[in-house]
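Novice: If you scroll down you'll find the structure; I have some questions about it.
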């Protein structure tokens, strides 16, 4: 299952006012409602656990069998028995519970998760998701639990850089990588903007830094609806 390295620099838009990954995690945390049961995918989405507002009751689920996961532990306070699905040390919150891996997947497949946040290689205009390795050096060629999350969670959000290291857009008309899920993504949070998946493509609901709608359309090659409420002219099909 794919995930951004949370410690890696953001290559796509340095010094533009775009959000780094911790800032983006904090932005996503703002949209998680009180009482939600949430799964955070491997990689950068795990940063959201550390960014949840104090006092907000959000129940974090990890596919290896824990409900009630807390933020990362303080240095020197790691419990080797408390790990998330990405094998990172975590903490437990009061009322946390543990269960068999199969029961965890039953929660995922049974529609019991309100939100999951996943990384992505590509997201298509209709919400198709491609986020699993197919044999890159050092990667396990398997879709992992992302497929179950993508079809089982009530809302699927993506956290990713808008561009690859080569400058290609991760938002595409149609995915060219193997799919994790079909028409499953509802929202994409990137370093430059927030995109909602709508009936006829992507709608830009928020811009970061000095990013403009016209610039996003040039970078992605896609028609983008302006849902920011700004005075900028709405995107037009080419």
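Novice: Using alpha-carbon positions, what is the distance between the centroids of region 203-231 and region 44-78, in Å?
Specialist: Cα centres, region 203-231 to region 44-78: 32 Å.
Novice: Can I ask one more? Tell me the label-point distance for the pair residue 154, residue 23, using the 7 Å Cα-to-Cβ offset, in nm and rounded to one decimal.
Specialist: Those two pseudo-labels are separated by 3.2 nm.
Novice: Take the Cα of residue 50, step 7 Å along the line toward its Cβ, and report every residue of region 71-108 whose backbone nitrogen sits under 11 Å from that point.
Specialist: Once the point is set 7 Å along Cα→Cβ of residue 50, 71-75 turn out to lie under 11 Å by backbone N, inside region 71-108.
Novice: Using Cβ counts within 10 Å as a stand-in for footprinting exposure, how do 189, 177 rank, fewest first? Each step should come with its number before you reach the end.
Specialist: Numbers: 189 23, 177 17.
Listed from fewest to most nearby Cβ atoms, that is 177, 189.
Novice: State, to one decimal in nm, how far the label point of residue 34 lies from the label point of residue 182, with both points 7 Å from Cα in the Cβ direction.
Specialist: Label at residue 34, label at residue 182, 4.0 nm between them.
Novice: Sticking with this structure for a sec: Need one number: nm distance between label points at residue 81 and residue 212, each 7 Å from Cα along Cα→Cβ, rounded to one decimal.
Specialist: Result for the modelled spin labels: 5.8 nm.
Novice: Please arrange 211, 190, 228, 176 by how many other C-beta atoms lie within 10 Å of their C-beta, fewest to most. Mind showing how you got there, number by number?
Specialist: Details: 211 21, 190 27, 228 16, 176 10.
Least to most surrounded, the residues fall as 176, 228, 211, 190.
Novice: Between helix 21-30 and the chain, what is the angle of the helix's C-alpha long axis to the longest principal axis, kept within 0 to 90° and rounded to the nearest 10?
Specialist: Approximately 80 degrees, to the nearest ten.
FYI, it's all coordinate maths here, none of it is from the lab. What you see is a predicted model; the values in this text were computed from it and never measured. Using ideal geometry, Cβ is built from the backbone for each residue, glycine included, and neighbour counts are taken over all protein chains shown.
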